[in-house]
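> Pasting in a structure now, in structure tokens, and then I'll have a few things to ask.
The values are calculated or read from the model by the stated rules, or taken from the named source; none is laboratory data. In this text the structure is predicted, and so the values were computed from the model without any measurement. Note: ideal-geometry Cβ built from the backbone for every residue, glycine included; neighbour counts use all protein chains shown.
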Amino acid sequence: MRRSEFQRAVEAEFGPRGQVLTIDLVLSDLGNRTAAEALAAGTAPREVWRALCAAADVPQERWYGVGRLDPRER
């Protein structure tokens, strides 16, 4: 997962509150850092996405494949 895919996934899953979650929600799976802090520290976007999904109770079937552009849209 690329960082741009992470950002699209957050927007698709959480809508307007997504950016707030990445800044304010402290994730224990990421060493008690926020998603934004973890990304800035070099944590892989996929790992941050999974931790965010787990903390926000996103069903696991929605953890994979989000954020990718349809090949026809590239």
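> Restricting to helices (runs of 4 or more DSSP H) lying wholly in the stretch 11-63: which have 1 or more residues that are out of contact with any strand residue (DSSP E or B) (no Cβ under 7 Å at 6 or more places or on another chain) and at pLDDT below 95?
Fully inside the stretch 11-63 and qualifying: 18-24, 45-55.
> Now, a different point. The conditions are (1) surrounded by 13 or more Cβ atoms within 10 Å (Cβ to Cβ); (2) at pLDDT below 95; (3) part of a helix (DSSP H, G or I), and Arg72 fails exactly one of them. Which is it?
Unmet condition: (1).
> If Gly15 passes every condition in (1) at positive phi; (2) surrounded by 12 or more Cβ atoms within 10 Å (Cβ to Cβ); (3) not hydrophobic (A, V, I, L, M, F, W, C) but one, which one does it miss?
Unmet for Gly15, out of (1) at positive phi; (2) surrounded by 12 or more Cβ atoms within 10 Å (Cβ to Cβ); (3) not hydrophobic (A, V, I, L, M, F, W, C): (2).
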